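Below is one structure, written out as structure tokens, with a few remarks after it.
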Amino acid sequence: MPPPPPPFDGGPRDAGVDAGPRPDSGPFDAGPPLTLDAGPPPTVSCAPLDTPPLELGRDTRPAERQITLLGAAAEFGVAWVQSPAVADEVRFVRAPSRGTVPGALIIANPSLASDVAATRRADGSYLLLWDDNSHGPVELSSRRLGPDGLPLAEAVRVTNEPLREQRPSLVATATGAVATWTQIDGRTGVARAALGALTADGAAAGAPSDPGFVTPIAVRRFPSGPAVVWNDAGALYAQPVDDAGALTGAPLRLDSEGNAVGLPRVASVADRAGLVYVAAVAGVSAQVRFVPLDDTGAPSAAERVVSTPPNQGTAPAVVALGGGYVVAYRELGGGAAVLRYALLDPFGNRVGDGTLATTSATGGSVEIAAAGDGRFAVAWVDTSDAASKRFLLSRVECTDGM
């Protein structure tokens, strides 16, 4: 094995939205680079600051929900859709990396919404993108928030087509953002992928295109910039996309065995990245795997299994922290499901781990983000109570164990 590369700091990570079944999907991009001063060293001890996890909200709709998590200097931005009564609400809250979390702000309240994606731009502002029926058909809307989490303008209608627009993903660029989503023909049920660019204020920057990939797709941040990812019969691919939402370069294979389930999650820094995904082993067992990537986005070392066989691992998310990565995921075994995290070095070797909470086996994506002060947070939806989903947040602080 070649000698390890020099240490690197935390930097942007992306996770976008999985447009199909969402055991390992996710909807966020961590935005501008962060300088981390307290990430996991080679030996580390971590402890949750929230025991039990913080409950941000509850939802009574039978539809599957997701939650979005973003890292900032000493806080986390959290967005989700919930239905406290009749109408859905798109909510956002700035959670400090420790201490009391204030009440959430209602960003929009359409009668029906499901998915929300978010990104944080270099100026510290946030951009939210969600699907809703406020315009009649299900279309995409966006809204820009300032660094303080307050809206800078009214919501903007992004799409206007005779199709159902759903499951967006979003990555910030120098000029605005790149987005992907799924377009569904209400008459035939046929789904196709859509790729487009947004302005800094969240408006559509031109007409979207169909990249021609198998759905679902999502946009992720790689070391060289945004790239579209997709799963073709178990094989994972990525292809770069420019700020105008146009594909560039050639597709790149990301996995080694062709047994991937869902879409990958990626955490990037300036010259390398870490990728996680769920692998179906022997068609029965589900493993969370980690793949180190070089500055081109190509795999640079062998895949590592993060979950602990024979337990099942699902819904992984990854963030760059200190000199390595943190992976959060659901682990199922012995009739129980827990929310776990693993601390990895740049090659995927485990240097620590922990359990955050007992949780439901289902609930959609798990999200993870790092703050600039070295703490990280994990957000997820718990469906243990059949009558009420809970949107949960757990912040974690790590100390040097040497």
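The values are calculated or read from the model by the stated rules, or taken from the named source; none is laboratory data. This is a predicted model, so every value here is computed, not measured. All Cβ positions, even for glycine, are placed from backbone atoms using ideal geometry, and neighbour counts span all protein chains on display.
Condition (residue is among the charged types (D, E, K, R) and either buried (at least 24 other Cβ atoms within 10 Å of the Cβ) or under 21 Å from Arg94 (Cβ atoms) (or both)) applied to segment 363-373: is it met by at least one residue? Among the residues of segment 363-373, at least one is among the charged types (D, E, K, R) and either buried (at least 24 other Cβ atoms within 10 Å of the Cβ) or under 21 Å from Arg94 (Cβ atoms) (or both), which makes the answer yes. For segment 41-50, taking the residues that are at pLDDT below 95 and in a loop (DSSP other than H, G, I, E, B), the one that is surrounded by the most Cβ atoms within 10 Å (Cβ to Cβ) is identified as Pro41.
Here Thr100 fulfils each of the conditions (1) over 15 Å from the mean Cα position of the chain (by Cα); (2) part of a strand (DSSP E or B); (3) among the polar types (S, T, N, Q); (4) modelled with pLDDT of 95 or more apart from (2).
Among the residues of segment 338-370, just one is among the aromatic types (Phe, Trp, Tyr) and either touching a Gly at 6+ places or on another chain (Cβ under 6 Å) or farther than 19 Å from Gln287 by Cβ (or both), namely Tyr341. Can you tell me which residue in segment 119-140 is modelled with the lowest pLDDT, limited to those that are surrounded by fewer than 24 Cβ atoms within 10 Å (Cβ to Cβ) and either within 21 Å of Thr182 (Cβ to Cβ) or among the hydrophobic types (A, V, I, L, M, F, W, C) (or both)? Per the stated criteria, the residue is Gly136. Looking only at segment 254-297, residues that are surrounded by fewer than 16 Cβ atoms within 10 Å (Cβ to Cβ), under 14 Å from Arg221 (Cβ atoms) and among the charged types (D, E, K, R) come to 2 in all. How many residues, within segment 382-402, are in contact with an Asp or Glu (Cβ under 8 Å, 6 or more places away or on another chain) and of a type in the set (A, V, I, L, M, F, W, C)? Matching residues across segment 382-402 total 3.
I'm checking my understanding of the structure. Among residues of segment 102-118 that are under 20 Å from Val171 (Cα atoms) and among the hydrophobic types (A, V, I, L, M, F, W, C), which one is surrounded by the fewest Cβ atoms within 10 Å (Cβ to Cβ)? In this case the residue turns out to be Ile107.
Of the strands (runs of 3 or more DSSP E) contained entirely in segment 307-401, those carrying at least 2 residues that are over 20 Å from the mean Cα position of the chain (by Cα) and either under 19 Å from Ala117 (Cα atoms) or in contact (Cβ under 8 Å) with a residue 60 or more places away in the chain (or both) fall at 350-359, 389-400.
Scanning segment 216-227 for residues that are more than 17 Å from Val291 (Cα to Cα) and surrounded by 20 or more Cβ atoms within 10 Å (Cβ to Cβ) gives Pro216, Ile217, Ala218, Val219, Pro226. Of everything in segment 177-188, what is in a loop (DSSP other than H, G, I, E, B) and either among the β-branched types (Val, Ile, Thr) or closer than 25 Å to Pro226 by Cα (or both)? Give them in sequence order. The answer is Thr188, and nothing else.
Here Pro223 clears all of (1) farther than 26 Å from Thr159 by Cβ; (2) at pLDDT below 95 except the condition numbered (2). Within segment 360-371, the set of residues being at pLDDT 95 or above and not hydrophobic (A, V, I, L, M, F, W, C) comprises Glu367 only.
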